[in-house]
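This report refers to the structure that appears directly beneath it.
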Amino acid sequence: MPPSHVTVKAPATTANMGPGFDVFGLALEEPVDIVTLIPIPEGVKTEIEESASEASLVLQERNAANMVASQMLKEFSLKIGALIKIKRGILPGVGLGSSAASGAAVAYGLNHMFNLKLDNKELIRFAARGEVASAGYEHADNVSAAICGGFVIVRSYDPLEIVSMKAPIDMQVCVAYPHLALSANKTEKARSVVPKQVPVEGLVYNVGRAAAMVKGFAEGNVDLICDSMSDAVVEPARAFMIPGYKNVKADAMKAGACGVAISGAGPAMIGIVNKKKADAVVVANAMKAGFESVGLRATSFVTKPGKGVELLEMK
């Protein structure tokens, strides 16, 4: 018999970090979702703390969790169902990996519940299935970071190959997002504006910066990571979707951030701070003010790179 319940913690994540579209991901220490899985006779049900204003975005999370659970129960021929309860700390739809956290938590929790003995690569494969709910197709940058923790590189999608690295201890992450009315297909819209063809100059620019960023993580060099966070392909095409983008970026750099980028599909933006050189709280406040300068309410906070999904309780 499976345990009566399994409870796990899944982190927020930020993807791309400038030049690493669909390749780079970073787990954040905060915020987190707490997810409890309970065996039931049949089917998959998901309960999420929600408000009416977020109903369409919450549906994405529910769909992501359901997709992952249904796929795993089917693939392993488990003649049982699952009730998934999500206590949300990650705001959906802002670019902080809410659906990825749901998918990662469900894959990790079911792995423990049924002693499936899956490795991280297999967990990522299942968790990525849930990204169809928000992005329209599977992608592994956020879910890889949510499962592995730290900084991840999706080296290959077919076959799936993930490289995981630690983040520098002096690295802090400032997050700011505007309070916008977000549609359920926001991520699909953000992906639709990504150029289908890339000029050689843009390719060279991004490959150079992506390679340098990896060297920065390998050496624990926050400044090199920050210097590599610019993007000549995807972010310029998406900037118009985020009111105040230029102000937030300029204000963050002026306040001491060493690198700024859109977090995933946005509208959240991240500012990286070397804590030996700048005050992350000052940077976060400046980013919030950048959004407010164009008439938007905004939220900002400071966090740092974090661990992947963790088991909290199994009884």
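FYI, it's all coordinate maths here, none of it is from the lab. All figures in this text were calculated on a predicted structure; none of them were measured in a lab. Every residue, glycine as well, gets a Cβ built from its backbone with ideal geometry; the counts of neighbours run over all protein chains shown.
Overview of results
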{"quantity": "The chain - mean residue ellipticity at 222 nm from DSSP helices (-39,500 (n - 2.57) per run, n ≥ 4, rounded to 500)", "calculated": "-11500 deg cm²/dmol"}
{"quantity": "Orphan Cys of the chain, criterion: no other Cys C-beta under 4.7 Å", "calculated": "C148, C174"}
{"quantity": "Principal semi-axes in Å for the chain [√(5λ), Cα gyration tensor, largest first]", "calculated": "32, 20, 18"}
{"quantity": "Isotropically averaged projected area of the stretch 171-303, using the convex hull of Cα atoms (one quarter of hull area), nm²", "calculated": "8.1"}
{"quantity": "Separation between Cα centres of the stretch 61-98 and the stretch 258-300, rounded to whole Å", "calculated": "30"}
{"quantity": "Cα-only radius of gyration and Dmax that characterise the stretch 59-122, units Å", "calculated": "12.0, 36"}
{"quantity": "Crossing angle, helix 98-113 versus the chain [Cα axis fit, 0-90 degrees, rounded to tens]", "calculated": "40"}
{"quantity": "Alpha carbon Rg of the stretch 226-280, scaled by the compact-globule rule 2.2 N^0.38 Å", "calculated": "1.10"}
{"quantity": "Percent antiparallel among DSSP beta bridges (both partners in the chain, rounded to 5)", "calculated": "90"}
{"quantity": "Of K215/K277; K189/K288; K85/K288, those spanning more than 27 Å from alpha-carbon to alpha-carbon", "calculated": "K85/K288"}
{"quantity": "The chain: most fluctuating residue of A145, A289, A128 per GNM, C-alpha cutoff 10 Å", "calculated": "A289"}
{"quantity": "Value of relative contact order over the chain, rounded to a whole percent, pairs C-alpha under 8 Å and six or more apart", "calculated": "25"}
{"quantity": "Highest average packing first - 106-112, 299-305, Cβ atoms within 10 Å", "calculated": "106-112, 299-305"}
{"quantity": "Most fluctuating residue given options A101, A261, A239, as computed from a GNM of the chain linking Cα atoms under 10 Å", "calculated": "A239"}
{"quantity": "GNM flexibility winner over the chain from S99, S144, S228 (Cα, springs under 10 Å)", "calculated": "S228"}
